[in-house]
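Worksheet for the structure shown next.
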Amino acid sequence: MKVVFNDFLSILIHQTDLSLTSYIKAKLAPLNIAPEQNLILLLLWKQDGLTQNEIAKKLEKDKTNVARMICNLERKGFITRHINEIDNRSFHVFLTENGKKLGEIIKPLAEEFNRTVCAGISDEEQQIVKQVLLKMRQNVEMKCIEPK
């Protein structure tokens, strides 16, 4: 059986991710926010005051990248960091007033984006997609921890 490039499900997923990222990047560009920075803000709009480590864990990103994104958001005036009084090696991240106001603009964009992505896909189909993607992810993660 001959395998064709477009037959690989992983390639379709990658191409879809590129399309989704490109779409949201264009929507966020006028606000001077990158898609990855937006993920941090989405977490803080839900629960302000997370530590950098909590953010890294929730986003499943390495701490160095998260620290860099947080520095950029702080430079833009959307967040501020406060040293943890119990552990001075740890920082809590808080939204500034500008960061809170930005949420009033971005939250509707995020909801519109989700509606656009899910248009014509039933709730049942969305659940199936989530289940399949989680299984794929688990398959890859299991492969990464198998002894060689």
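Coordinate-derived values only; no laboratory data. In this text the structure is predicted, and so the values were computed from the model without any measurement. Cβ placement follows ideal geometry from the backbone for every residue including glycine, while neighbour counts extend to all protein chains displayed.
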(request) Read through the labelled values (i) 1.25; (ii) 1.07; (iii) 1.02 and report the label of the one computed as Cα Rg over 2.2 N^0.38 Å from the structure. (result) (i)
(request) Please sort by residue number the trypsin sites (Lys or Arg not before Pro) in the stretch 1-87 whose DSSP state is loop and whose Cβ has at most 14 other Cβ atoms within 10 Å. (result) LYS2
(request) List the aspartates and glutamates whose Cα lies under 17 Å from the Cα of LYS25, skipping any in the same chain that are fewer than 8 positions away. (result) ASP17, GLU36, GLU111, GLU112
(message) Relative contact order for the stretch 7-126: what percent, with Cα pairs under 8 Å and sequence separation of 6 or more?
(response) 22
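Within 10 Å of each residue's Cβ, count the other Cβ atoms and sort MET69, MET136 from fewest upward.
Working: MET69 23, MET136 13.
Ranked by crowding around the Cβ, least crowded first: MET136, MET69.
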(message) Within 15 Å, Cβ to Cβ, of CYS71, how many net charges do the neighbouring residues add up to if Lys/Arg are +1 and Asp/Glu are -1?
(response) +3
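About its Cα centre, what dipole magnitude does the chain give when the only charges are +1 on Lys and Arg Cβ and -1 on Asp and Glu Cβ, stated in debye to the nearest 20?
Numbers: 22 positive and 19 negative charges, 80 e Å.
The calculated dipole for the chain is roughly 380 debye.
Less than 15 Å Cβ to Cβ from LYS135, Lys/Arg counted +1 and Asp/Glu -1: what total charge do the surrounding residues give?
On the way: positive: LYS130, ARG137, LYS143; negative: GLU141.
Overall, the nearby charge balance is +2.
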(request) List every residue whose amide H lies under 5 Å from the amide H of PHE91, counting only residues 5 or more places away in sequence or on a different chain, with H placed 1.01 Å from N in the peptide plane. (result) GLN52, ASN53, ASN84
